[in-house]
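Have a look at the structure below, then the notes.
The values are calculated or read from the model by the stated rules, or taken from the named source; none is laboratory data. Here the structure is a predicted model, which means the values were calculated and not measured. Glycine gets a Cβ as well: all are built from the backbone with ideal geometry, and neighbour counts include every protein chain shown.
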Amino acid sequence: MEVSLDYLLSAVSKYNLKGLEKITKAYNYAFEKHYNQYRESGDPYITHPLAVAIILANINADTDTICAGLLHDVIEDTPTTKEDIEAEFGKTVATLVMGVTNLTRASINDKISLSNANLRKLILGVNKDVRILIIKLADRLHNMMTLQYKKDPEKQKKKSVETLGIYVPIAENLGLYNIKTDLEDKCFMFLMPDKYQKHSEMRDKYDKLTTEFVEEVSNRINKVLLASDIPNTVKFRLKSVYGIFKSLLSKGSIEDIHDLLAFKIILDDIDACYLSLRHIHEEYKPLTKYFKDYIALPKPNHYQALHTTVVGPENYLLQMQMKTAQMEKVAQYGITDFWHGDDSSGAKHMQEALENEYPFYQSILEANKMAENNQEFVDLIKGEVFAEKVQVFTMDGTLIDDLVKGATAIDFAYRIHSEIGDNMAAVIVNGTSVGLDYTLKDGDQVRIVTDSNAPGPTKEWLSIAKTARARKKIREYLNKQKRNGQSLTRSPW
């Protein structure tokens, strides 16, 4: 990546001409503040905030966000104050810079406690402005891109573990897949250098072997759809190095990875997506177990597409992704798609969407309420908010997509309402009665039967529940019963 002011201004000018003067001013301000400061690579320190700003410009960030990217270290690393930033660049830029500025050793001496406090401060920054997290992602991405200059291998590994556990999930929850995969590959490179090299070479070899094949399939898809009067554009994606590594943990060989070779078929509208699915299945035999309708049921981060895996020429497994141009933009830019073409109101719409439409946001707020200290908050974020989720439905068809994999019927009941959990008498899943310890599976339709005379939660429920929310409500019930002198030894079902 070229790192220069000219390159930054060129990137910004493609979508935002009016912000160039303020961005140039922010660069000059940061250059002056970081003068005579150097990175471990030996480069002038200004190269880092400049690279962060370029990463932000590549996702069409607004003027204030790019300015904050350029200034994100001046409060932490120089005598500059928030008031100084606000006087020069306005309240919004100052708030964003403060949002990514770490707490100091003077306020918290213990390293682990300081790290947890900083993580909590950063993540809760979404209450003020989601752009705080986006700037921090760009900051972490460039730090990972230059991590080789940190000579201590243990520090490299520690930074990589933290990135995989915190920043990769943040990027995924915000739909920033390009940043997510870049971070994963960089972490993989430092955590398992030998395996990274092996899988990188494997990917490069496969890429070369399939070049002509990919072109052939792309042309074939295009012709088949055009023959049915369906305009389309076909793009290709080869799975990332880390993605291949993870898939091979459960697959026999690279040829068994069903989404290794992915063809993105960009179409005019949703009707064309479903119609194209029919024609693709007529052309290539589908493997139905891999079909996903993310148009009818979008991912929590708003990703939408139809996914199907088919058996192509020479028995290659091919993933076909049917989506509209807008769906492809969201897949590329995630929540930052709101920035496009509207420098003045994009951030406002982005924040509104996060608070009203992304389960990620509400989960963070709930973790903050439940956590009694910073360590508990970080544990909840890693163990639940960022964990893989199960998608289930209520009887009226409402999608519940924020329960962790492994969650039980008890967790489901308390996710709906604490009174439903406290009065749970029976559970019906897909029309069949199951136990309260039933582990939820994707697509399950769940009905909780309640009875005001039900025996209620017992201590055993605490070992069945997998979510902090459910366990907290169960403890509250048990403590109330204990205060009332009632027995706690009843059977859990």
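When you go through (1) in contact with a strand residue (DSSP E or B) (Cβ under 8 Å, 6 or more places away or on another chain); (2) among the hydrophobic types (A, V, I, L, M, F, W, C); (3) under 24 Å from T47 (Cα atoms) one by one for V214, which number turns out not to apply?
Failed condition: (3).
Pairs under 8 Å by beta carbon, first residue touching a residue at least 24 places away in the same chain (Cβ under 8 Å) in the stretch 273-297, partner charged (D, E, K, R), six or more apart or different chains?
Hits for this filter: C273/K323; E283/R220; Y290/D259; I295/K323.
Mind checking whether some residue in the stretch 43-58 is touching a residue at least 24 places away in the same chain (Cβ under 8 Å) and farther than 25 Å from L147 by Cβ?
In the first step, residues of the stretch 43-58 are kept if they are touching a residue at least 24 places away in the same chain (Cβ under 8 Å); the result is 45, 47-58.
Then drop every residue that is not farther than 25 Å from L147 by Cβ, which leaves none.
No: zero hits.
Out of (1) under 20 Å from T181 (Cα atoms); (2) part of a loop (DSSP other than H, G, I, E, B); (3) free of Cβ contacts under 8 Å to residues at least 24 places away in the same chain, the odd one out for K246 is which?
(2)
In the set I75, I112, I85, which member is surrounded by fewer than 17 Cβ atoms within 10 Å (Cβ to Cβ), part of a helix (DSSP H, G or I), of a type in the set (A, V, I, L, M) and more than 22 Å from the chain's Cα centre (by Cα)?
Criteria check complete, one pass: I112.
State which residue is nearest to T181 (Cα to Cα) when the search covers only the stretch 199-235 and only residues that are hydrophobic (A, V, I, L, M, F, W, C) and exposed (fewer than 15 other Cβ atoms within 10 Å of the Cβ).
Applying the filter and picking the extreme gives L209.
Assess whether G406 counts as being closer than 22 Å to P300 by Cβ, exposed (fewer than 14 other Cβ atoms within 10 Å of the Cβ), outside the structural domain of F291 (by TED's automatic domain parsing) and in contact with a Ser or Thr (Cβ under 8 Å, 6 or more places away or on another chain).
Working: closer than 22 Å to P300 by Cβ: yes; exposed (fewer than 14 other Cβ atoms within 10 Å of the Cβ): yes; outside the structural domain of F291 (by TED's automatic domain parsing): yes; in contact with a Ser or Thr (Cβ under 8 Å, 6 or more places away or on another chain): yes.
In short, yes.
Do any strands (runs of 3 or more DSSP E) entirely within the stretch 273-346 hold 2 or more residues that are surrounded by fewer than 16 Cβ atoms within 10 Å (Cβ to Cβ), and if so, which?
In the stretch 273-346, 285-293 are the strands (runs of 3 or more DSSP E) which contain 2 or more residues that are surrounded by fewer than 16 Cβ atoms within 10 Å (Cβ to Cβ).
Could you tell me whether the stretch 239-247 includes any residue that is modelled with pLDDT of 95 or more and under 16 Å from Q321 (Cα atoms)?
For the stretch 239-247, residues modelled with pLDDT of 95 or more and under 16 Å from Q321 (Cα atoms): present.
So which residues in the stretch 115-160 are more than 26 Å from E376 (Cβ to Cβ), touching a residue at least 60 places away in the same chain (Cβ under 8 Å) and not in a helix (DSSP H, G or I)?
Scanning the stretch 115-160 gives T146, K150, K151.
Can you name the residue in the stretch 30-72 that is hydroxyl-bearing (S, T, Y) and assigned to a helix (DSSP H, G or I) and, of all such residues, is surrounded by the fewest Cβ atoms within 10 Å (Cβ to Cβ)?
Taking the stretch 30-72 first, the residues hydroxyl-bearing (S, T, Y) are 35, 38, 41, 45, 47, 63, 65.
Then keep just the ones that are assigned to a helix (DSSP H, G or I); that gives 47, 63, 65.
Values: T47: 17, T63: 22, T65: 29.
It comes out as T47.
If only one of S200, S253 is of a type in the set (S, T, Y) and touching a helix residue (DSSP H, G or I) at 6+ places or on another chain (Cβ under 9 Å), which one is it?
Only one candidate passes the filter, namely S200.
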